[in-house]
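The values are calculated or read from the model by the stated rules, or taken from the named source; none is laboratory data. Please read these numbers as outputs of a predicted model, since none were measured by experiment. Neighbour counts are summed over all protein chains in view; Cβ atoms, including those assigned to glycine, are modelled from backbone coordinates with ideal geometry.
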Amino acid sequence: MRNSPTANSGTCAALPHANHRHKGMTLIELLVAISVLAFIAVLGWRGLDSIMRARIALTEDLEQTRGMQLAFAQLQSDCAHLADAAVLPNRIPLAAGQDRLTLVRTVFSDNQPTRLQVVAYRVKEGLLTRHESAATRDLTELEAMWRAVAGDTVASQVSFDRPRAEVVLQAGVDALTMRLWANGGWRLGGDTLSAAAGMNAGLLAPSGLEVALQLRGRDTRLLKIFLLGAA
């Protein structure tokens with residue numbers, strides 16, 4: 001049976017004539033996508049950079065705070081073991097001033113007699129240091145140690161153990177100011193307060209020490225008061 005032309009044409013009309021076009025991203029769309037990704041990357045980098053800077057600053061503050069706690073703990077120990085003025089004739093065992101503190105402390109050791117030691121705190125070139133001399137029971141040697149440490153020199157003629165090296169307690173220190181509580185008021189300490197002239201003038205042994213520490217980069221000072229001698 002022969003197909004009629006009408007049937008053939010109907011069959012041909014029923015066949016799908018799909019002309020699919022594969023559409024991709026245009027250049028403008030690609031540039032917009034790259035710009036968005038770059039903007040997000042910059043925001044992410046700035047956020048990460050700020051977090052790292054804050055972490056570094058926080059770490060530095062924690063290290064600085066820890067160093068100050070250790071320095072104040074050492075100073076408190078030295079003040080608590082300050083030698084009794086009665087042991088040192090005509091001398092108050094402490095001299096405090098700008099950027100320096102010199103004191104005589106009592107040293108207790110197992111199976112050893114009680115001895116005396118000169119300790120000096122100094123601020124120089126932004127470093128807070130602590131220096132201690134050898135312990136002794138000889139007051140003549142102790143006086144020589146005091147003069148050597150107070151003058152920031154080592155007396156070669158003194159025949160005692162070599163003084164120990166300075167230990168850095170804190171860096172980044174701009175100023176160290178100290179005052180002594182004596183005769184009912186605060187006063188700057190110095191050689192006149194610690195020498196025989198101070199005793200002859202009727203000055204009593206100080207009972208308190210005020211320490212003001214100015215750290216680099218901080219607007220306010222760290223202030224702490226220590227009792228002198230055993231409570």
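Per-residue answers, yes or no, for (1) at pLDDT 90 or above; (2) of a type in the set (D, E, K, R):
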| site | (1), (2) |
| --- | --- |
| PHE72 | yes, no |
| SER77 | yes, no |
| LEU82 | yes, no |
| LEU88 | no, no |
| LEU94 | no, no |
| PRO113 | no, no |
| LEU128 | yes, no |
| GLU143 | no, yes |
Enumeration of residues in region 128-153 that are among the charged types (D, E, K, R) and farther than 24 Å from GLY172 by Cα: ARG137, ASP138, GLU141, GLU143, ARG147
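Let's see how each residue does on (1) within 15 Å of ALA96 (Cα to Cα); (2) surrounded by fewer than 14 Cβ atoms within 10 Å (Cβ to Cβ); (3) in contact with a Cys (Cβ under 8 Å, 6 or more places away or on another chain); (4) modelled with pLDDT of 85 or more:
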site: ALA171; (1), (2), (3), (4): no, no, no, yes
site: ASP174; (1), (2), (3), (4): no, no, no, yes
site: LEU180; (1), (2), (3), (4): yes, no, no, yes
site: GLY189; (1), (2), (3), (4): yes, no, no, no
site: ALA197; (1), (2), (3), (4): no, yes, no, no
Could you tell me whether any residue of region 105-127 is touching a residue at least 12 places away in the same chain (Cβ under 8 Å), surrounded by 12 or more Cβ atoms within 10 Å (Cβ to Cβ), closer than 26 Å to GLY172 by Cβ and of a type in the set (S, T, N, Q)? no
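For region 36-95, which residues satisfy the criterion of being among the aliphatic types (A, V, I, L, M) and crowded, with 17+ Cβ neighbours inside 10 Å? It would help to see each step written out before you state the result.
Filtering region 36-95 for residues among the aliphatic types (A, V, I, L, M) gives 36-38, 40-43, 48, 51-52, 54, 56-58, 62, 68, 70-71, 73, 75, 80, 82-83, 85-88, 92, 94-95.
Those that are among the aliphatic types (A, V, I, L, M) and crowded, with 17+ Cβ neighbours inside 10 Å: MET68, ALA71, LEU75, LEU82, ALA83, ALA85, LEU88, ILE92, LEU94, ALA95.
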Taking the criterion of being under 29 Å from ARG137 (Cβ atoms), part of a strand (DSSP E or B) and either modelled with pLDDT of 60 or more or touching a Leu at 6+ places or on another chain (Cβ under 9 Å) (or both), would at least one residue in region 214-223 satisfy it? no
